[in-house]
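What follows is calculated from the coordinates using simple rules that are stated; it is not laboratory data. None of the values given here were measured: they were computed from a predicted structure.
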Amino acid sequence: MQSPLRLGILGSGKGSNFRAIAEAIDAGKLNAEVRVVISDVETAGILEFARARGLRAEYLAPGRFKTKLEPEAEERLVKLLKEADVDLVVLAGYMRMVKAPLLEAFPRRIINIHPSLLPQFPGLEAWKQALLAGVNETGCTVHYVDSGMDTGEVIAQIAVPVHEGDTPETLHARIQVAEHALYPMVLRQFAAGEREC
C-alpha cells in the first residue's frame, strides 16, 4: 500500500473544504494525512477545527498587506511546510495571493479550489459574479496555483446549475456541496499516483 499523501492545509475561514477532506480521510476514502494547518487569521474556524482533531495548527501573522503575506511571513510559511514534510500544499479558503518563495519551494505542488468554472469569474465572490452575469451554469474548479489570480492550470471541475430565483447565499451553498465532493476526489488522484506531486 502506498504511504499516505502528506498535506499542508492553508485557510483563512471556517474550513468547510478542510472538513470535507478530513472526513474523507476518516472514512478511509482518502489515503492522506494532514501534517499541518496554517491560517493568516488568528481566530479562523479552520484552526479551531484542526486543534480539535489534535492536528498541528499554526497562526501566521500576515503583516500589513491585505491580499498577500509580507515577504518574511511567506518565508516562514515555506519553513513551516518544509518542517512538516508535506507532499502537497492545499489551499482551502485561503484568501491571499501566493508569491514566489512558496511557488518556488513547491513547484506544481500547490492546489486551490475556486467557486466558479475557471477561467470564468476569477477573484472574490465568484458566485455573485455569476449571478450578475446572468449565466445558467457555474460550478467549482480545482487548479494548480501560479502567480496569477486563479489563473493556474485546471485539474478538475464540477458544474452547478444556476436556478431562477437563486440568491448569492443559495447558489454559494450549492457550489460548496460540489466543492466538498470535488476536492477529496482530486486528492484521491494525487494519493493514488494518478497525478504527480
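A few comments on the model shown:
- Note on the chain: lysine pairs with Cα distance below 28 Å, sequence gap of 8 or more or different chains, count 19.
- Residue-by-residue Karplus 3J(HN,Hα) for the range 31-37, coefficients 6.51, -1.76, 1.60, Hz, glycine and proline x: 7, 8, 9, 8, 8, 7, 10
- Counted over the chain, the DSSP beta bridges are approximately 40% antiparallel.
- Nonlocal amide H pairs with Thr151, under 5 Å, H built at 1.01 Å: Asp146
- For the chain, the mean residue ellipticity at 222 nm estimated from helices alone is -11000 deg cm²/dmol, where every DSSP H run of n ≥ 4 contributes -39500 (n - 2.57) and the total is divided by all residues, rounded to the nearest 500.
- Length added when fully stretched, Glu169-Asp85, from 0.36 nm per residue minus Cα-Cα: 26.5 nm
- Derived scalar couplings ³J(HN,Hα) [the range 125-132; Karplus, 6.51 cos²θ - 1.76 cosθ + 1.60; whole Hz; x for Gly, Pro]: 6, 4, 5, 5, 4, 5, 5, 5
- Averaging the sequence gap over all C-alpha pairs within less than 8 Å and six or more residues apart, then dividing by the number of residues, gives the chain a relative contact order of 21 percent.
- Remark on Ala156: its backbone amide H falls under 5 Å from those of Val142, a criterion applied only to residues 5 or more positions apart or on other chains, H modelled at 1.01 Å from N.
- Under the Karplus curve 6.51 cos²θ - 1.76 cosθ + 1.60, θ = phi - 60°, whole-Hz ³J(HN,Hα) for the range 74-85, x wherever Gly or Pro sits: 5, 5, 5, 4, 4, 4, 4, 5, 5, 4, 7, 6
- Arg6 long-range amide H proximity, modeled H, under 5 Å: Glu33, Asp87, Leu88
- Most mobile listed residue (Gly139, Gly123, Gly13) in the chain, GNM with C-alpha springs under 10 Å: Gly123
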